[in-house]
Structure formats: C-alpha cells, structure tokens
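Each remark here refers to the structure printed beneath this line.
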Amino acid sequence: MSQKADNLIAVLDAGSAKTRFLIAELNDGALRYRGHGIVDSAGTRKGVIAELAPAVQSINQAATQAEDRADATIEQCIISIGGPHIRGLNSRGGISLGTRLREITREDVRAAVDRARSISLPPDREIIHLLPQQFVLDEQAGIHDPVGMVGNRLEVNLHIATCSASAQQSIVTCANKAGLEVTETVLESIAAAEATISADERELGVCLIDIGASTSELIVFFEGSVAHTSVIPIGGDHFSNDLAVGLHVTPPEAEWIKCQYGNAVVTSVSQLTEIELQGMPGFEPRVVRQRLIGEILEPRARELFHMLRDNLRQGGVLEALGAGCVLTGGGARLAGLLDVAESQLRVPARIGSPVPLSRMPQELAQPECATLIGTLLYTHRTSVMRAAEDHSLRAKLRAIFAGSL
Ligand SMILES: Nc1ncnc2c1ncn2[C@@H]1O[C@H](COP(=O)(O)OP(=O)(O)OP(=O)(O)O)[C@@H](O)[C@H]1O
Ligand SMILES: [Mg+2]
C-alpha cells in the first residue's frame, strides 16, 4: 500500500517540452530521491499554458509515474515558473533608524526590504522573489547581513523577479485540477542555478542560461547575489523549426535530426558525411550532406548568444562574468553550442549538470533536469534558513522573558 508521509517533498516542472515531477524524502536534514516521472507536455504554447485539460493530463501522468516509483501519495507540490512573461528589475530603498545609534534587528531588515519593494507594478504582475543584493549601512556598502550591526540609516539594493499573475495562476490551476496543492513557486533560472553553480562562481560573477524548448531564461550572479534576470525568446524548438523548414521534413523528424546529427559549428562537421532524410509524407527519401544541418543551425545559435550578449550589456553585467557561463536545459545538449557561447560572450562556458541527490538515477543527472532538482534544493535550503531565523528569534525572546522574571 502506498504511504502518505510528512517527510516527502514533491516538485513539478511543467515545461514546454516535458512535464517533470520529482519526489524526495527528507530525513535528518538530508534529502534522498524517492521517485520521478517525465512525460511529453501537452497544452503549452510558447512557454505558457494554452489549454488546461491536456496540461492537467500531463501533470497527472508525470505525478502518477513518480508516485508509483516512490510508492507514496502526494497532495502538495512546489512548482517552478519561467517563460516569456518573466521580468527582473533592481530597486533601492531604506529606513532611518532614528537619531540614536542602535542595533539593527531582523524587523529593521524586513522594513528596509519592504521600502525597496514598494514600487508600482502593472496590475497583472506578481512578485516571485525578493533577492537582496547588498545592504548599505550609513556610508558602508557591501554588507550581506546587517543584523546586530549599529547605524542610523539602513538601505538595501534589491533584485525583484516578477511574473504574469495569470500565467502563474494557470499552472496552479492545472496542478490543483491534477489533485495537487501548490505550496511555493520558484523561478526556473534560480532553481537551475541552485543545482549547478558553486558559491565561488557566484562570487566571481557567472551567467546561467537555461535553454528550454520555447525560451531561454538567464540569471547573473555577482559578488554572491543575483544581479540580473531576463528571458531570451529563443529555445531549442526554434532550432528544430529551422531544420523542418530548411530540410523540408516533418517537425518530429527535424527534432530527431537535430539531436542525432546537429552541430552549431559548421566547420566541425565533415564535408563528406551524408544522411538520408524521410522528408514530408508522400515524397521519396532524400540524401543530404550533414554539413547542411550545421549551416542551418549555426546562425540560430549565433542569434541566441548575440541576443544574450546584448541583454547582458543592457543589464550592465556583461563585464561581470569572471567565472564564465553555464548552460542548462535540453537545448544546451546541442553539439557545438558551448563553442558558440564562448566565442560570442568571450568567457569560458560549461554544461551545468545538476548535483545528484542520494540514490538518484543517472537519467536525472542531465542539464534538462537542473530546474527540477534545483527547485527541490532551493526550497529546502531556504526553508532551513527560515527555520534557523525563527529559532534565533525564539531564543532571543526566551532570553528577554527569562531576564525580566
Ligand atoms: N540531444 C539534444 N540536442 C539538441 N537539443 C536537444 C537535445 N535534447 C533535447 N534537446 C532540446 O531541448 C529542448 C527541451 O529542453 P527542456 O526539456 O529543458 O525544455 P522544457 O523545460 O520542457 O521547456 P521550457 O523550459 O522552455 O518550458 C527541446 O527543444 C529539445 O529539442
Ligand atoms: Mg525548462
């Protein structure tokens, strides 16, 4: 009989190409893999849910696969969110602590963050994350945690990630219709970074780009904090569509050719190799040079990284990538893409494979699962941090009351 346990955590990544579901178990602070499900997504278009019923069915199938493997029943999950509607912006605000110097409390930090976040957003915008970059205490900048320090004025530089409220609600509704309550939402790029990027890289400056099916989400860390988030409206499916049009083949055949023979650098492909194409229904199979595939894919790869470079320049972070660039998402698997990334961004690039959970199958240790695993790791880490804060607050209150007795 399947179990319903309190120590199980479930995460859902309803992507444009694949719907992924993961169940993990938390024992003595350690996460352990229990089960996963991956199915083709239905009902999504251009990175957002366009039809509820097929999307609900995909979520149901992925969750059921995972539940069967885990031998458990899940009623709640954490979701990741991404797509063309994601926006990131930097804001600054602060509070005066009065004329007398005094110690900064966690409440002061919250008040400063509240001031920095109080910007007017368009009606359909929902804040997903408030990410402090640095605190400035009087004239002193570069502070990561000001609690316990002494000063007159506390300011904070904040990165605010927002999404379309209706796009977010669509995923929540689909999850609900699949019998799952959504407890938390995590930005896909933050999740992918959590699973693949080290603290040293975040400190030096690094850009992660998660190349999904319909969009590519990016996030830049500098001096340990999130400096920039954005979305490029090109994903792996744009490469497949170019092949379908250029080679006159069906979309599924184009997808297969891309994964099998694709290369984003024309000169890496031999001039002599030829491959046979089935072509459109009703036409005879044809033979083409493999190089032709590279000739179609390379301009799209250059366009993607050209747009990324412009985006980073506009965000003022192009020169901040001391540790280079990390590629995740299924689109990162295209042969030759790292070379294009390095030549366009002029920094080292690597594929980001997620850190494995205990007992996790090798199948999940792939760049397209970085968001799924990272969502789990991010929510676990942040909930541990919140619990530690609550604990220290309770300890302080206990000390105050003990002292007043
Ligand atoms: N071996 C491969 N070579 C090239 N591209 C690949 C390969 N494997 C997968 N892809 C591409 O990766 C894309 C899917 O990536 P992923 O599974 O990360 O997307 P998703 O999370 O479902 O979508 P999104 O994040 O945009 O919502 C598809 O466009 C697919 O063609
Ligand atoms: Mg994705």
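Each reported figure results from applying straightforward, stated rules to the coordinates on display, with no laboratory input. Every value quoted in this text rests on a predicted model; they were computed, and no experiment measured them. Cβ sites come from the backbone with ideal geometry, for glycine too, and all protein chains shown count toward neighbours.
Side notes on the structure shown:
- Zone residues, segment 53-97, relative to residue 166, backbone N less than 20 Å from point 7 Å out along Cα-to-Cβ: 53-56, 81-88
- Taking label points 7 Å from Cα along the Cα-to-Cβ direction, residue 89 and residue 145 give a separation of 3.0 nm.
- Cross-link reach list, aspartates and glutamates versus residue 177, counting only Cα pairs under 15 Å and skipping chain neighbours closer than eight places: 51, 75
- Bridgeable aspartates and glutamates around residue 46 (alpha carbons under 12 Å apart, same-chain partners fewer than 8 residues away excluded): 237.
- Think of it as helices only: each DSSP H run of n ≥ 4 in the chain is worth -39500 (n - 2.57), and spread over all residues that comes to -12000 deg cm²/dmol at 222 nm.
- Rounded FRET efficiency, nearest 0.05, which uses the C-beta distance separating residue 118 from residue 173 and R0 of 30 Å: 0.55
- Net dipole in debye of the chain [+1 Lys, Arg Cβ; -1 Asp, Glu Cβ; about Cα centre; nearest 20]: 680
- Added length on full extension, which subtracts the Cα-Cα distance from 0.36 nm per residue, residue 363 to residue 346: 3.0 nm
- The modelled label-to-label distance between residue 259 and residue 105, using points 7 Å beyond Cα along the C-beta direction, is 5.7 nm.
- Förster radius 45 Å - calculated FRET efficiency between residue 125 and residue 286 (Cβ-Cβ, nearest 0.05): 0.35
- Efficiency of FRET between residue 270 and residue 42 - r from beta-carbon atoms, R0 41 angstrom, step 0.05: 0.60
- When 184, 75 are arranged by Cβ crowding within 10 Å, least crowded first, meaning fewest neighbours, the order is 75, 184.
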